[in-house]
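Structure first, commentary second.
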Amino acid sequence: MRKLTRILPVDAEGLATAAALLRAGWLVAFPTETVYGLGGSALDEAAVARIFAAKGRPAEDPLIVHLADVAELPRVTAGLPVAAMLLAEAFWPGPLTLIVPRGPDLPLAVTAGRPTVAVRIPAHPVARALLREAGLPIAAPSANRFGYTSPTTAAHVLADLDGRIEAILDGGPTTIGVESTVLDLTTPIPTLLRPGGVSLEALRDRLGPVLVGQRQPTGVGTGLASPGLLERHYAPVTPLWFVRGSPAAMQSWLRERVCAELALGHRVGLLVPDEDAAALADLEVDCEPLGPAGDVSQIARNLYAALRALDQRQPTLILARDLGALGLALAIRDRLTRAAAGRVVELEPMLGT
């Protein structure tokens, strides 16, 4: 008989059960403020191997280690840069992951064989309670099949991983909706590897210069510097096209593309702000409005759930548009660019920078 994944309530008994499973080397999904994470003991090689197997994750993609508080950093790190504590004071607990030198007790599988480790202290009360109860650093990538759309509810996790993990702590929908910012502090100038819940502007206000880039592996068998750097990631099964440009140009392109696809007998899904949904309401499309274009926080919170809902209805293709590069919009741009896996249409002039 196929093993079923347990759904645990967020109460004292549920947290105690989840923590006991983690200490025993098993896997538990839990909510963070960003997305649901698939947790296993970061100090247990067998548990780490189970994370990779459950997700179908390649060994070269490192995991983020979640900690209950700053006092636990010496368990998994060594020789912290001065900037790490400055950022910890400003942004932890919260959606910021720091790349720092790894400690000797951490299995190499966690870091994809690299001498660095990605660490963060989540802000979600359930995540923090679980970390305290377990008494462990917890390695936790997003709780979904590798490369596909991240989960923001327990139901999303169950749809992807039922029978592959032991339990899910159901803490309701996540509040930010896209993954954490990843900042590499082992480079001469701090380098943003993945935009997320802490904006590039906020990091520069605190640190001064911050580069934007993605350091790739330098040798055969070398792991990625950070999660979320692959060209195709966060993607639905349905082909997704992502258009970038001015709002007027994008809306015009969407209308033309929808009409062309409908003429071919195709079913079109739209993943757009409310304003575009209203402007294109005369077209026979399957639309998931994300919220007002000016409210990027709401759009980020709705993004993955809407993308999953469209994907489940199996349109021929999905069309999405850019929101610019300021604040959280940069993270949304990053996720949709990777979800499009090369199907990006550039219009002029561009929106944002």
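The values are calculated or read from the model by the stated rules, or taken from the named source; none is laboratory data. Quick caveat: nothing in here was measured; it's all calculated off a predicted structure. Note that we place each Cβ from the backbone using ideal geometry, even for glycine, and neighbour counts take in every protein chain shown. Ligands, DNA and RNA are stripped out before the accessible areas are found, and what is left, the full protein with its side chains, is counted by its heavy atoms. Shrake-Rupley method; radii C 1.70, N 1.55, O 1.52, S 1.80 Å.
A few notes on this one:
- Looking only at the stretch 167-192, and only at residues there that are open to solvent by less than 30 Å² (accessible area, probe 1.4 Å) and among the charged types (D, E, K, R), the one that is nearest to the chain's Cα centre (by Cα): GLU179
- Matching residues, the stretch 20-35, being hydrophobic (A, V, I, L, M, F, W, C) and either in a loop (DSSP other than H, G, I, E, B) or touching a helix residue (DSSP H, G or I) at 6+ places or on another chain (Cβ under 6 Å) (or both): LEU22, ALA24, TRP26, LEU27, VAL28, ALA29, PHE30, VAL35
- Among the numbered conditions (1) open to solvent by less than 50 Å² (accessible area, probe 1.4 Å); (2) part of a helix (DSSP H, G or I), the only one that LEU38 does not meet is (2).
- Evaluating ALA78 against the criteria (1) touching a helix residue (DSSP H, G or I) at 6+ places or on another chain (Cβ under 9 Å); (2) open to solvent by 10 Å² or more (accessible area, probe 1.4 Å) leaves one unmet condition, (1).
- Matching residues in the stretch 303-348 - criterion: being farther than 21 Å from ALA249 by Cβ, surrounded by fewer than 22 Cβ atoms within 10 Å (Cβ to Cβ) and touching a helix residue (DSSP H, G or I) at 6+ places or on another chain (Cβ under 8 Å): ALA305, THR316, GLY327
- In the stretch 84-106, the residues that are open to solvent by 10 Å² or more (accessible area, probe 1.4 Å) and touching a helix residue (DSSP H, G or I) at 6+ places or on another chain (Cβ under 6 Å): ALA90, ARG102
- Count of the stretch 122-153 residues, restricted to those that are β-branched (Val, Ile, Thr) and buried (at least 24 other Cβ atoms within 10 Å of the Cβ), is 3.
- Helices (runs of 4 or more DSSP H) completely within the stretch 55-162 that count 2 or more residues being under 30 Å from GLU201 (Cα atoms) and at pLDDT 95 or above: 82-91, 125-134
- Residues of the stretch 6-61 that are without any contact (Cβ under 8 Å) to a residue 12 or more places away in the chain and β-branched (Val, Ile, Thr): none at all.
- So VAL157, is it within 20 Å of the chain's Cα centre (by Cα), open to solvent by 10 Å² or more (accessible area, probe 1.4 Å), closer than 30 Å to GLN312 by Cβ and among the β-branched types (Val, Ile, Thr): no
- Which numbered condition GLY219 misses (of (1) under 30 Å from LYS55 (Cα atoms); (2) open to solvent by 20 Å² or more (accessible area, probe 1.4 Å); (3) at pLDDT 95 or above; (4) not hydroxyl-bearing (Ser, Thr, Tyr)): (3)
- Residues that are under 11 Å from LEU270 (Cα atoms) and among the acidic types (Asp, Glu) were ranked within the stretch 280-302; the one that is most open to solvent (accessible area, probe 1.4 Å) is GLU284.
- For ALA18, the criteria (1) under 13 Å from GLY135 (Cα atoms); (2) surrounded by fewer than 20 Cβ atoms within 10 Å (Cβ to Cβ); (3) of a type in the set (Gly, Ala, Ser) hold in every case but one, which is (2).
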